[in-house]
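Let me begin by presenting the structure, written as structure tokens, before commenting on it.
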Amino acid sequence: MELKLKPISKNGVAGALQLAMLYRNLNEPGEAESICRDVLAIDVGNQTALRLLGLAITDQFGGGPSDRWKEAASIFQSLTNRYERLYYTGILNERRAKAQLRAGRAPHTLLVLFEDAMRSFEQAEEIRPEGNDDSILRWNRCVRLLHSLGPEWRTEEVEHFDAHDSPPV
């Protein structure tokens, strides 16, 4: 038997993308990743497939050197919508930091990643579609997570993350 990938039909793209979302929701990111790659093989610039592929890769982050964050960053940078590029880059950095935190890295060593994530969320917020507060919600999650880590991670350089500060509206 020849081990060769089989292409999906163009008519099957919508159903395949729904299946990829389902697999992500079932915490099976490898399955979602495979489906997205099948979609992209026949529809190279499919924005939904690119978003889902990048997210599926970040779903697999374990906080180690094998995390494919550069690949996910490249995928998110290929999104055509500037808001989405910024927002998903923020997600990438936030998930990378969280994975490294779960892997036991010292919180203060991850501050740069959280700052990068929050900077992306701030920039996305400035150009977000009306009624879309996703970037604010992600910003707030980062602030709450940083506060939950206790005072040992804080330095004078990060005073702008105080709880009394609110994200710009």
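The values are calculated or read from the model by the stated rules, or taken from the named source; none is laboratory data. Nothing here was measured: the structure is a model prediction, and the numbers come from that model. Counting neighbours? That spans all protein chains shown, and the Cβs are built from the backbone with ideal geometry, glycine included.
Within the group Arg51, Arg68, which residue is outside the structural domain of Ile127 (by TED's automatic domain parsing) and either closer than 22 Å to Asp134 by Cβ or among the β-branched types (Val, Ile, Thr) (or both)? Working first, answer last.
Numbers: Arg68 fails: either closer than 22 Å to Asp134 by Cβ or among the β-branched types (Val, Ile, Thr) (or both).
Going through Arg51, Arg68 in turn, just one is outside the structural domain of Ile127 (by TED's automatic domain parsing) and either closer than 22 Å to Asp134 by Cβ or among the β-branched types (Val, Ile, Thr) (or both): Arg51.
Considering the stretch 67-123 alone, what residues qualify as being among the polar types (S, T, N, Q) and modelled with pLDDT under 95? Across the stretch 67-123, the qualifying residue is only Thr109.
Restricting attention to the stretch 79-98, the residues that are more than 9 Å from the chain's Cα centre (by Cα) and either among the charged types (D, E, K, R) or over 22 Å from Glu122 (Cβ atoms) (or both) add up to 4. At least 3 residues being within 18 Å of Ser74 (Cβ to Cβ) is the threshold, and among the helices (runs of 4 or more DSSP H) wholly inside the stretch 1-60 those reaching it are 29-42, 47-59. Whenever a residue of the stretch 6-23 is closer than 12 Å to Asp38 by Cα, its partners that are surrounded by fewer than 15 Cβ atoms within 10 Å (Cβ to Cβ) and aliphatic (A, V, I, L, M), lying with C-beta atoms within less than 9 angstrom and at least six residues away or across chains, give the pairs Pro7/Ala41; Ile8/Ala41.
Pick out the one residue from Glu84, Glu71, Glu122, Glu94 that is crowded, with 18+ Cβ neighbours inside 10 Å and in a helix (DSSP H, G or I). Lay out the reasoning, then the answer.
Details: Glu84 fails: crowded, with 18+ Cβ neighbours inside 10 Å; Glu71 fails: crowded, with 18+ Cβ neighbours inside 10 Å; Glu122 fails: crowded, with 18+ Cβ neighbours inside 10 Å.
One residue alone meets the criteria, Glu94.
Surrounded by 19 or more Cβ atoms within 10 Å (Cβ to Cβ) and farther than 21 Å from Asn140 by Cβ, is that true of Gly12? Answer is no for this residue. Looking at Leu50, Leu17, Leu26, just one residue is surrounded by fewer than 20 Cβ atoms within 10 Å (Cβ to Cβ) and not small (Gly, Ala, Ser), and that residue is Leu26.
All told, Ala41 falls short of being touching an Asp or Glu at 6+ places or on another chain (Cβ under 9 Å), within 19 Å of Leu5 (Cβ to Cβ) and at pLDDT 95 or above. Might you check whether a residue that is surrounded by 19 or more Cβ atoms within 10 Å (Cβ to Cβ), free of Cβ contacts under 8 Å to residues at least 24 places away in the same chain and farther than 19 Å from Tyr87 by Cα occurs anywhere in the stretch 55-66? Checked the stretch 55-66: no residue is surrounded by 19 or more Cβ atoms within 10 Å (Cβ to Cβ), free of Cβ contacts under 8 Å to residues at least 24 places away in the same chain and farther than 19 Å from Tyr87 by Cα.
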